[in-house]
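Everything below concerns the one structure shown next.
The values are calculated or read from the model by the stated rules, or taken from the named source; none is laboratory data. Everything numeric here is computed off the predicted structure, so don't read it as measured data. Reconstructed Cβ throughout: ideal geometry from the backbone, glycine too, with neighbour counts over all protein chains shown.
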């Protein structure tokens, strides 16, 4: 889908003017400020494409009202009038408050599924505040080349995402990452390694003696990515029950010997895939202590005796984000984390529901659809850096 001409032209002008900052330092401040104003322009242009000339509002106990619109000024006029009647904008199966201004446009873009990612939402909040400061200044300010470049880059990512294109290696709306078939191995002495499935070969005598000490499992995982900000040894925390790795890692086989792993791979020939790691849903059990996050399918497959306690259904980009939110929400004085359903104002998490096991699963199913329970063997690597209290 092509970006609206007005948004594209405004962005290209920013890129052109940015180069002149080497001649006049104040240009960097002008570019950074203008980028924040184009933030709203991009949302307006995308809204006009989305509505296709018609906006519909829903009033309480009254038929929906539709208006034909040819410009965003007309949209804003109707939104003002309908707000006074407490009518809401119809977005697919939802009805949202919409004032036609930046706040309403952001809510519309999220509801329409054009923007994604829980961490990106917090950056969007910051960009909106900065935009309001630029539009209604209370004093003089000076930006740096780094500030301007970051704002322009964030704007580029937002424009790409609004028009359906994720950004490879992006900070806000990253493109899906490729997962490969890999073998995780560990020894009783605490050593662990990750290697691609293709690296399994007939070992020589020395390696054969070493491998007698190792256990091996086959997973689908995101490996080391050259020149990526995501690189770390997150795989070393792998656990079939809990989501303790940064990115989704799927258990496929094991544990067993290297020879058995090689035979399984040759027989099954599993393939890698590509996965979007944003906006995942986690279930967190609070029973005597707070346990690490689980995938909904794994939680749905738990036996009845392991379902006690309070359960939290949380949407977040990473499992540690979900865990940190629930831990913070247990303390009423811990920075304003919420326990009720909705976006948390204190972190990058969304609460879907909390209560009993069944209540949390119902809240999860309402967000994801039917959940197919799975039961996996209990396997985890012995290294525990970030999750030392796993049961």
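Restrict the check to the range 79-99 and report whether at least one residue is more than 28 Å from residue 350 (Cα to Cα), assigned to a helix (DSSP H, G or I) and in contact (Cβ under 8 Å) with a residue 12 or more places away in the chain. Yes, some residue in the range 79-99 is more than 28 Å from residue 350 (Cα to Cα), assigned to a helix (DSSP H, G or I) and in contact (Cβ under 8 Å) with a residue 12 or more places away in the chain.
Whether any residue in the range 137-145 is at pLDDT 95 or above and within 21 Å of residue 318 (Cβ to Cβ) is what I want to check. Looking for residues that are at pLDDT 95 or above and within 21 Å of residue 318 (Cβ to Cβ), one finds none in the range 137-145, hence no. On inspection, residue 144 passes the criterion of being surrounded by fewer than 17 Cβ atoms within 10 Å (Cβ to Cβ), over 15 Å from residue 276 (Cβ atoms) and touching a residue at least 40 places away in the same chain (Cβ under 8 Å).
Residue-by-condition table, conditions (1) outside the structural domain of residue 9 (by TED's automatic domain parsing); (2) surrounded by 17 or more Cβ atoms within 10 Å (Cβ to Cβ):
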residue: 121; (1), (2): no, yes
residue: 129; (1), (2): no, no
residue: 155; (1), (2): no, yes
residue: 196; (1), (2): yes, no
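Kindly indicate whether residue 125 is under 23 Å from the mean Cα position of the chain (by Cα), free of Cβ contacts under 8 Å to residues at least 12 places away in the same chain, in a helix (DSSP H, G or I) and in the same structural domain as residue 51 (by TED's automatic domain parsing). Yes; evaluated as a whole, the condition is true for this residue.
For residues that are surrounded by fewer than 14 Cβ atoms within 10 Å (Cβ to Cβ) and under 29 Å from the mean Cα position of the chain (by Cα), scanning just the range 6-20, find the one that is farthest from residue 104 (Cα to Cα).
Kept after step one, since they are surrounded by fewer than 14 Cβ atoms within 10 Å (Cβ to Cβ), are these residues of the range 6-20: 9, 12-13, 15-16, 19-20.
Subsequent filtering for residues that are under 29 Å from the mean Cα position of the chain (by Cα) retains 12, 15.
Working: 12: 26, 15: 28 Å.
Among residues in the range 6-20 that are surrounded by fewer than 14 Cβ atoms within 10 Å (Cβ to Cβ) and under 29 Å from the mean Cα position of the chain (by Cα), the one farthest from residue 104 (Cα to Cα) is 15.
Among the residues of the range 122-166, just one is touching a strand residue (DSSP E or B) at 6+ places or on another chain (Cβ under 7 Å) and over 16 Å from residue 15 (Cβ atoms), namely 166.
Only one of the numbered conditions (1) out of contact with any helix residue (DSSP H, G or I) (no Cβ under 6 Å at 6 or more places or on another chain); (2) part of a helix (DSSP H, G or I); (3) surrounded by fewer than 18 Cβ atoms within 10 Å (Cβ to Cβ) is violated by residue 108, and that is (3). Here residue 167 fulfils each of the conditions (1) touching a helix residue (DSSP H, G or I) at 6+ places or on another chain (Cβ under 7 Å); (2) in contact (Cβ under 8 Å) with a residue 40 or more places away in the chain apart from (2). Of all the criteria given as (1) over 20 Å from residue 27 (Cα atoms); (2) more than 26 Å from the chain's Cα centre (by Cα), the one not satisfied by residue 90 is (2).
Checked against (1) closer than 21 Å to residue 112 by Cβ; (2) over 28 Å from the mean Cα position of the chain (by Cα), residue 23 passes all but a single condition, namely (1).
Go through 296, 303, 373 for me and flag whichever is under 16 Å from residue 240 (Cα atoms) and crowded, with 22+ Cβ neighbours inside 10 Å. Working first, answer last.
Numbers: 303 fails: crowded, with 22+ Cβ neighbours inside 10 Å; 373 fails: crowded, with 22+ Cβ neighbours inside 10 Å.
Criteria check complete, one pass: 296.
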